[in-house]
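Engineer: Take a look at this one; I'll ask things after.
What follows is calculated from the coordinates using simple rules that are stated; it is not laboratory data. Predicted model only: the values in this text are computed from it and were never measured. Cβ: placed from backbone, ideal geometry, glycine included. Neighbour counts: every protein chain shown.
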Amino acid sequence: MSASSDVGFHAQRQARWRYAEAAFWLVVLACGFLFPTRYLIMTDILRLALFAMSLDLILGYAGIVSLGHAAFFGVGAYAAGLLALHGIINEPVLALIAAGLAAMVLGFATSFLVIRGVDLTRLMVTLGIALLLEALAERFSNISGGTDGLQGIEMQPILGAIPFDMFGKAGFFYSLAVLFVLFLLARRIVHSPFGLSLRAIKNNPLRAAAIGIPVNRRLIAIYTLAAFYGGIAGALFTQTTAIASLDVFAFDRSADLMLVLVIGGTGYLYGGLIGAVIFRMLQEVFSTITPQYWQFWIGLVLVVIVLVGRQRLHRWVLYVPNLIIRQVGGRKAVVAVPESDA
Amino acid sequence: MTIALETQNLEKQFGGLRVTRDLSLKIEQGARHALIGPNGAGKTTVINQLTGVLKPNSGRILLEGQDITDLPVHKRVLRGLSRTFQINQLYPDLTPLETVGLAVSERLGHGGDWWRRMGTRSDVNDEIADLLTRFHLLDIMNDQTVTLPYGKQRLLEIAVAIAAKPRVLLLDEPAAGVPESERHDILAVVGALPRDVTVLLIEHDMDLVFSFADRISVLVSGALLTEGPPDQVARDPQVKAVYLGEEAVNV
C-alpha cells in the first residue's frame, strides 16, 4: 500500500537528522579545541544547557510550568557531593547516575502534587518545593555543610582513567559527552508515540483522554524523567566545580532557566542549548559593561521579549536566530515560549 | 437484541439544578439512536457522563452489560466507547497524520512506547493511511490542524473518534457549524459507518436526525419525554409541543 509507506515516511520526518543538527554538534565539539582558555565558562554553558533541556521536556512538550526546577538541580548537586565526599561512590559516572536517580525519586514523589493543578498552582507548588529543600539543606547543616556548603570534595578520575584537570578540559569534554548522550535519549523519546502523546496532552488534555491516553500517568513519567535530567545537571555542577552550596537550590537558578527557554524557545530540544549560549553570553557582555548592574540589562531583554511581542520580534530581532532554529529544529520550531506557557 | 449502552436512573445536579433527571436509556447493539431535545435539555451533560468527563450523582452506566460508572475517561475508550465533541477538540499544533497516528497507536497499546519512532510500525501506518483516505485527509496530512478549514477539522474530529475502533460511538452534533458546501462529506462519512458500530447521535438538525436514526429519544429538562421510532416520535403531540413547535415534520 503506497499510502501506507507514504504515511510512514512523513510520520518519521520530524525524527530524521538534519545537516544543521550535525553541524551544531560539530561546532560545539570544535569549541572544545578552539578556545582552550575558556573551558570553565563553556562547561558552565553545557551544564545550563542540560538543565534547560530538562525543563524543556516538561514545559515544551508536556506544558508543565515550573518555577522550582532548581530543586532537582540541588538534589543532584548535593547527592554527587555527598557521594564523593564520603567516598560512597568514587567513580564520577556512576555517582552521576546515582545523583540523577536521587533527583528522580524526588521528581516522582512531587509529580503527584504537580499534575493536580493548573499553571498557577504548578508555579506555586514547584516554587514551594524548591524553597522547602533549600531551607532543609540549611537546617541540616551537619549533612549539607549549611551556608558553607560541602567543602573538600575531591573528584576521582572519570572511569578510573581520566583525571579532572585544573584547566577544566576534562570537565568540559565529560560534560559535553553527558549532554550529548542525554540529548540523544531525549531526542529518541520526543519522537516516539510517548513523546507525541505528551504534545497531545499539552495541546488538549480533554481530547487526549478521549482517545485513551492515560494523561496523569504520562505526565508523571515525563516529570520524573525531567527530574533525572535536572539531577544530572546538578551533579555535573558539583563534579566539575568540586563545590556544592545552598545556592544550588536558589530561586534565581529556576528563574534563569525560564529566561533561557524564553530566549531559545521550547519544544524542539535545541531551545535550551541555544538559549543557554545566548543567555550566558549576554550575561558576560553586560557584566563587562556594567559589573554591578548587569541584571538590569538581562531584565530589560526579558521585558522586551515579552512586551514588544513575540510576533514582531520574530520578524525583526529574531529573524536570524529563527532561520538557524528552523534549520536545526524543523519548520515547526519557534523562538520564545508561546503566550500560554510563559 | 443485546444492549450496547445503558443508563439506569442517571441523576446529575449542578448545585440545586437537576440537569439529568432519573434518566434510563437503552441503546441496542448496532442501533442508529438519536438523542434530541431543545437547547439546554442536558444532552451534552448526558454525553459527558457517558464518557466519564462528569460523574453522575447517582445511577449507573453500563457498557455491554458491564458497569463503567466509575471508570476514568481513557479506560472507557479502551473498552470501546468513543466520542466526538460538539465543539472540535483537536490538537492545534499537531498534523492530521500525528493526530490520527496517536489515536491508532494508543488503541494498539503502543502509546506508552518511548523508544520506537512514530511511523516505524507498518500495522499502525496501514491503519493511519486507511483512515486518512476514508476521511479525505490524506493530501493535507502534514498541515497543522489549526490551519485547516473548519469542515476538514470536523472530519478529523470524527476520524479521531473512529481511530479508537469504537463499538459504541457518540456523535455530538457532528454537522454543527459546517458550511453547506462541506456538509455532504460529513453526512457521507457518518452514513458509511459500519453497521456493527452502535451510534448515539446528538443533533439539532432534524433532517439529519430523521434521515439517519432508527430510534429517537427526546430529552426535555434533563428527563426522558418519549422514545420510539422516528415516525412515531414525529407524530407525538407532546414532542411537537415542546420541541418542534407547532410545525409538522415530514418524514
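Engineer: Would you kindly work out the equivalent ellipsoid of segment B:30-74 from its C-alpha gyration tensor and give its semi-axes, the square roots of five times the eigenvalues, largest first in whole Å?
Structural biologist: For segment B:30-74, the semi-axes come out at 19, 15, 9 Å.
Engineer: In whole Hz and in residue order, list the ³J(HN,Hα) couplings for segment B:19-35 that follow from phi through the Karplus curve 6.51 cos²θ - 1.76 cosθ + 1.60, θ = phi - 60°; x for Gly and Pro.
Structural biologist: So the Karplus estimates, Gly and Pro as x, are 9, 10, 10, 6, 8, 10, 10, 10, 10, 6, 3, x, 6, 10, 9, 10, 10 Hz.
Engineer: Same structure again: Give me a single rounded figure for B:81-91: the average over its residues of other chain Cβ atoms within 10 Å of their Cβ. Don't jump to the answer; show the numbers that get you there.
Structural biologist: On the way: counts 1, 3, 3, 1, 4, 0, 0, 2, 9, 4, 9.
Taking the mean over all residues of the peptide, I get 3.
Engineer: Mind giving me the FRET efficiency for residue A:181 and residue A:141? R0 is 22 Å, r the Cβ-Cβ distance, nearest 0.05 is fine. Kindly include the intermediate steps, with their values, before the conclusion.
Structural biologist: Working: r = 35 Å, r/R0 = 1.58.
So, using R0 = 22 Å, E works out to roughly 0.05.
Engineer: With the convex hull built on the Cα atoms of the protein assembly as shown, state its orientation-averaged projected area in nm². Numbers along the way, then the final one.
Structural biologist: Working: hull surface 125.1 nm².
Convex hull of Cα atoms, orientation-averaged projection: 31.3 nm².
Engineer: OK, next. What Rg and what Dmax come out for segment B:110-251 when only alpha-carbon atoms are used, in angstroms?
Structural biologist: That works out to 18.7, 62 Å for Rg and Dmax.
Engineer: What trypsin sites (Lys or Arg not before Pro) does segment B:192-245 have in DSSP loop regions with at most 16 other beta carbons within 10 Å?
Structural biologist: Details: sites: B:195, B:215, B:235, B:240; in loops: B:195.
Those satisfying the criteria are B:195.
Engineer: Provide B:160, A:301 in ascending order of the number of other Cβ atoms located within 10 Å of each residue's Cβ, fewest first.
Structural biologist: Details: B:160 28, A:301 17.
Fewest-to-most Cβ neighbours within 10 Å comes out as A:301, B:160.
Engineer: Taking Rh as the Kirkwood radius, which is the inverse of the mean 1/r over Cα pairs, what is the Rg/Rh value for segment A:114-165? Could the numbers behind the result be given before it?
Structural biologist: Values: Rg = 17.7 Å, Rh = 14.1 Å.
Taking Rh as the inverse mean 1/r over Cα pairs, Rg/Rh reads 1.26.
Engineer: At a temperature of 37 °C and a viscosity of 0.692 mPa s, determine how fast segment B:37-146 diffuses translationally according to Stokes-Einstein, using the Kirkwood radius over alpha-carbon pairs as Rh; express D in µm²/s, rounded to the nearest whole number. Can you show the working numbers first?
Structural biologist: Values: Rh = 16.2 Å.
The diffusion coefficient I find is 203 µm²/s.
Engineer: Same structure, new question: Return the FRET efficiency for the residue pair residue A:22, residue A:156: r is the Cβ-Cβ distance, R0 is 35 Å, and the value is rounded to the nearest 0.05. Can you show the working numbers first?
Structural biologist: Numbers: r = 34 Å, r/R0 = 0.96.
Efficiency for this residue pair is about 0.55.
Engineer: Would you kindly state the longest site-free stretch of chain A, with sites defined as GluC sites (Glu not before Pro) in a DSSP loop (not H, G, I, E, B) surrounded by at most 12 other Cβ atoms within 10 Å?
Structural biologist: Here the longest segment lacking exposed loop sites spans A:155-338.
Engineer: Let me ask something additional. Any idea how many Lys pairs in the protein assembly as shown come in under 20 angstrom at the alpha carbon, given 8 or more places apart or on separate chains?
Structural biologist: Lysine pairs satisfying the spacing and distance rule in the protein assembly as shown number 11.
Engineer: What order do you get for B:33, B:136 when you list them from fewest to most C-beta neighbours inside 10 Å? Write down the numbers at each step before the final one.
Structural biologist: Numbers: B:33 23, B:136 15.
Sorted ascending by nearby Cβ count, the order is B:136, B:33.
Engineer: Would you work out the Kirkwood radius for segment B:138-193? I mean one over the mean of 1/r across all pairs of different Cα atoms, in Å. Walk me through the intermediate numbers first.
Structural biologist: Working: mean 1/r = 0.0834 Å⁻¹.
Evaluated over segment B:138-193, this radius sits at 12.0 Å.
Engineer: For residue B:207 and residue A:121, what is the calculated FRET efficiency with R₀ set at 41 Å and r taken between the beta-carbons, to the nearest 0.05?
Structural biologist: On the way: r = 46 Å, r/R0 = 1.13.
Once rounded, the FRET efficiency stands at 0.35.
Engineer: Let me ask you something else. Report the normalised scattering of segment B:87-167 as log10 I(q)/I(0) at q = 0.23, 0.24 Å⁻¹, calculated by the Debye formula with identical scatterers on the alpha carbons.
Structural biologist: -1.09, -1.17
Engineer: Based only on Cα atoms, what mean projected area does the convex hull of segment A:1-84 have, in nm²? Numbers along the way, then the final one.
Structural biologist: On the way: hull surface 37.4 nm².
The orientation-averaged projected area of the Cα hull of segment A:1-84 comes to 9.4 nm².
Engineer: Which value, in Å to one decimal place, does the Kirkwood hydrodynamic radius take for segment A:88-139 when every pair of different Cα atoms is included?
Structural biologist: Values: mean 1/r = 0.0791 Å⁻¹.
Hydrodynamic radius (Kirkwood, Cα pairs) of segment A:88-139 is 12.6 Å.
Engineer: Starting from the eigenvalues of the Cα gyration tensor, five times each then square-rooted, give me the equivalent ellipsoid semi-axes of segment A:68-110, largest first, whole Å.
Structural biologist: Those come to 19, 10, 7 Å.
Engineer: Return the percentage of antiparallel bridges among DSSP beta bridges fully within the protein assembly as shown, rounded to the nearest 5 %.
Structural biologist: Details: 22 of 38 bridges.
About 60 percent, rounded to the nearest 5.
Engineer: Using +1 at the Cβ of each Lys and Arg and -1 at the Cβ of each Asp and Glu in chain A, identify which of A:198, A:272, A:239 lies farthest towards the dipole's positive end.
Structural biologist: My answer, from the dipole projection, is A:198.
Engineer: Oh, and also: Mind computing the radius of gyration and Dmax over the alpha-carbon atoms of segment B:11-86? Å is fine for both.
Structural biologist: Using the Cα atoms of segment B:11-86, the pair Rg, Dmax is 12.4, 37 Å.
Engineer: How large are Rg and Dmax for segment A:246-301 when only the alpha carbon atoms are used, in Å?
Structural biologist: 11.8, 35
Engineer: Given a cut-off of 21 Å, what percent of all Cα-Cα pairs of chain B lie beyond it? Before the final figure, lay out each step's value.
Structural biologist: Working: 18610 of 31375 pairs.
Of all Cα-Cα pairs in chain B, 59 percent lie more than 21 Å apart.
Engineer: Mean 1/r over all different Cα pairs, inverted: what Kirkwood radius does segment A:84-172 give, in Å?
Structural biologist: On the way: mean 1/r = 0.0636 Å⁻¹.
That comes to 15.7 Å for segment A:84-172.
Engineer: I've got another one for you. For segment A:69-76, what does the Karplus curve 6.51 cos²θ - 1.76 cosθ + 1.60, with θ = phi - 60°, yield as ³J(HN,Hα) per residue in whole Hz, taken in order and with x for Gly and Pro?
Structural biologist: 5, 4, 3, 6, 4, x, 4, x
Engineer: Once you place label points 7 Å from the Cα toward the Cβ at residue B:9 and residue B:120, how far apart are they in nm?
Structural biologist: The answer from the label model is 5.4 nm.
Engineer: Translational diffusion coefficient of segment B:179-220 at 10 °C, 1.306 mPa s, Stokes-Einstein with Kirkwood Rh over Cα pairs, in µm²/s as a whole number. Write down the numbers at each step before the final one.
Structural biologist: Values: Rh = 11.6 Å.
Translational D for this selection: 137 µm²/s.
Engineer: Right, another one. Give me P(r) over chain A, computed from all C-alpha to C-alpha distances, binned every 20 Å, as integer percentages.
Structural biologist: 30, 59, 10, 0
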